[in-house]
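Visitor: Please see the structure below; I have some questions.
Throughout, read-outs are computed from the coordinates displayed, never taken from laboratory work. Note that the structure is predicted; figures quoted are calculated from it, not measured. No Cβ is skipped: glycine too gets one built from the backbone with ideal geometry, and neighbour counts run over all protein chains shown.
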Amino acid sequence: MVKTTKEEEVELLSPASSDDFTVEGDLGKKEPPSPEASEEVAEDDDEEEDGLESVTLLNVQRTSEVDYQKRQDVCACLKTRSCAVMLGVLILLSILGVQFRLYFLFYENLSGEKARPHVALQTACQKMVGVEEDGLFVFKGIPYGEPPVGPLRWQPTVTKQKSNETCRNETVYADTFQVSCPTIQDGNIVGDEDCLYLNVWTPEFHPEHPLPVIVWILERPSLPQLLQYQLDTVDGNHHKAFFKAARPQRKVTSHSLVTSNATAVHVTFSYRQNVFGFLALGILSDEFAEQYSCNYGLHDQLAALRWVQDNIADFGGDPGRVTLVGEGQAASHALCLLTSPMSGGLFQAVWLADVEHRRYRPLLNSSAENIGVLNSTGCRNASCLRQLTARQLLQAVPRRDHSFWFPSKEQKCSLSKWKTAQQVIHNDLLPESPWWTLLGDENATDRNISFALGMTGGCDVTMNMDMNDTMLINLLRSVVGDHEAEAVSLYRRHDDANTSTPANDVCVSMATDLRYACPFVDLSEYLDISTGGPISNRYISSSNQCQGDSIWTSFFEEEPPNPKSLTLYQLLSAFARTGAFPEGLLASDNQTERSKDSVVSPKMDYRDEECTFWRENLL
């Protein structure tokens, strides 16, 4: 690994020109400037060395010998109004150009930022070029699968082939995040189907002891790209800084917490989602002798984990200590991988946060439910479907019937226990619901895997109406029958004698329990059964404030990092190293008052009474 120094000359050698590959920066070699151009070249050198945006200036050539006739022409021109106006505009633009040049020099010098240096890594099969950021070596956009386009759309992941010729000649430039897979985000269609890329953050290529590896399955795989955009802007508004004497202090970067506690290699990756990742249809199943379709997104996740096993040692990581992290809808992916017969040996620890109960459908049922998607496209065969654009496919999905394909952070107060899962039950990848696998098979997780369970959600459950007691009773009657009064009494039991919890708050508490707390309790019990012992690595993050409540945002988007963020990072860091939470770090759940930034260790009977009620009475 070689890092950039500003003083060194660097040239990126293509594989065809040399077998020796070193990258020491992103500045190219320059020829000595000619005397005539020394003034201009010096200015250009400043621009490149400072890593500044290119600013076009009006250059005025000065000559010592000017033809007399041209002087006469200029004098004649100056006597006309149009020529004088034009000359005035040119002078004004020249002055503004110089001002902008000086501003950007001042702006960047105050920030102290330079062009991000490149680093080179020679792996067993290829050469990789990444960047150094905040003391970490970052490799962005490493391909782990062939683009799932054309005939590869709705096919299991085709991994990159590693022939001897490819291994000898391929160089991967991994200094830019690649686009995420197509989805609908904030009402807009974003992404591209050529999206099977992963990103690696590592503090050291050759540590004394290989570092543990943390693989993030993100609910929104585009988060790293969005985060990088936020970090590369000044509060999102470059133009505001022009009117300030100094650049505002930069936000805490995505790596500041990791850099200060650089004890693991982090990996994120994009995977196929929604109609591209989990579409089950009879006309797609007919292409396979085993009547296979669906779960392409899970195949992508398995392919990314296999890439980690094959390559992470080159980045300083230990393939024998891989922790899989999933939160929210991504936790359901991690849960499926945990119980899948095809994932053995790919990870040794699992961190699950905000697991929700999901209804997993068999292949035939899911195929029947997706007929509406097929009818919306107007196609009648797989060939026609593959000719449609990504936008056409996403627009054809009936959103009301397939909301489970498009995760939303804001959830209305719905009193329902089971949500539809993206994943489909079929063949060896997912032979049955992972919940039933854990409950019914004592050897389901007999892989010497460590578990961590967390609950960080709750603040995104909201009311979309002003509910009174009559409305609450009517809603409860539709979901628990004649037990509505018992439910209200259970949730208002701890109120003061002179007050009553508003119906809105009662409904939100019930929905939060059904969506987060009760699955947390149930999964603890199921893992107790399948592992033969209580799960001690459990935590609850306070949910009385909604900002920075997820694991990912707690680690990478806090400014400044609050105590909760630091606690969560310490928990994850220790868990990745040892498979256990450190003692004394979590607060007690028995505290009457908690800080909004607290992370507590729940009692073994946490929400037991409420969840028992829902388990026995929910229709």
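Visitor: Net charge around residue 195, counting only other residues with Cβ within less than 10 Å of its Cβ (Lys, Arg = +1; Asp, Glu = -1)?
Guide: Numbers: positive: 272; negative: 192, 193, 194, 300.
My count for the surroundings of residue 195 gives -3.
Visitor: For the peptides 505-514, 297-306, what is the packing order when you average, over each peptide's residues, the other Cβ atoms within 10 Å and list the highest mean first? Walk me through the numbers on the way to the answer.
Guide: Values: 505-514: 20.9, 297-306: 23.2.
Top of the packing list down: 297-306, 505-514.
Visitor: Just to check I understand the Karplus step: with θ = phi - 60° and J = 6.51 cos²θ - 1.76 cosθ + 1.60, what whole-Hz values come out for the stretch 266-280, glycine and proline as x?
Guide: Listing the rounded values in order: 9, 9, 10, 7, 8, 8, 5, 10, 6, 5, 7, x, 9, 6, 10 Hz.
Visitor: Sticking with this structure for a sec: Tell me, in nm to one decimal, what length is gained between residue 365 and residue 463 on full extension, where the rule is 0.36 nm per residue of separation less the Cα-Cα distance? Kindly include the intermediate steps, with their values, before the conclusion.
Guide: Working: separation 98, 0.36 × 98 = 35.28 nm, distance 3.23 nm.
Working it through step by step, the gained length comes to 32.1 nm.
Visitor: Follow-up question, since we're still on this one. Multiply the residue separation of residue 474 and residue 619 by 0.36 nm, subtract the distance between their alpha-carbon atoms, and state the gained length in nm to one decimal.
Guide: Values: separation 145, 0.36 × 145 = 52.20 nm, distance 1.42 nm.
This chain segment gains 50.8 nm when fully extended.
Visitor: Amide H of residue 424: which non-local residues (sequence gap of 5 or more, or other chain) have their own amide H closer than 5 Å, using H built in the peptide plane?
Guide: Counting only residues 5 or more places away or on other chains, the set is 295.
Visitor: Ok, one more. Students often get this wrong, so check it: of 564/603; 417/603; 160/419, which have C-alpha atoms separated by over 28 Å?
Guide: On the way: 564/603 19 Å; 417/603 23 Å; 160/419 35 Å.
Over 28 Å apart, Cα to Cα: 160/419.
Visitor: Would you kindly derive the ³J(HN,Hα) couplings of the stretch 465-482 from the backbone phi angles with the Karplus curve 6.51 cos²θ - 1.76 cosθ + 1.60 (θ = phi - 60°), listing them in order in whole Hz, with x for Gly and Pro?
Guide: Karplus values, whole Hz, x for Gly and Pro: 7, 8, 9, 9, 5, 4, 5, 5, 4, 5, 5, 5, 4, 6, 10, 10, x, 7.
Visitor: Arranged by the count of other C-beta atoms within 10 angstrom, fewest first, what order do 486, 170 take?
Guide: With the fewest neighbours first, 486, 170 line up as 486, 170.
Visitor: Which residues' amide hydrogens lie under 5 Å from the amide hydrogen of residue 265, considering only partners 5 or more residues apart or on another chain, with H built in the peptide plane?
Guide: Here 213, 214 satisfy the definition.
Visitor: Put a dot 7 Å past each Cα toward the Cβ at residue 485 and residue 420; how far apart are the dots in nm?
Guide: Modelled inter-label distance: 3.8 nm.
Visitor: If you don't mind, there's one more thing I want to ask. Quick one: Karplus J couplings for the stretch 419-429, per residue in order, coefficients 6.51, -1.76, 1.60, θ = phi - 60°, nearest Hz, x for Gly and Pro?
Guide: Running phi through 6.51 cos²θ - 1.76 cosθ + 1.60 with θ = phi - 60° gives 10, 6, 8, 5, 5, 10, 6, 5, 6, 6, 5 Hz.
Visitor: Let me ask something additional. What's the local net charge at residue 610, with K and R +1, D and E -1, over the other residues with C-beta under 14 Å away?
Guide: Details: positive: 417, 492, 493, 515, 603, 607, 615; negative: 486, 513, 522, 605, 608, 609, 616.
Counting the neighbours of residue 610, the net charge comes to 0.
Visitor: For residue 172, what residues show an amide H to amide H distance below 5 Å, using hydrogens built from the backbone and excluding near sequence neighbours?
Guide: Residues meeting the amide H criterion: 127, 128, 129.
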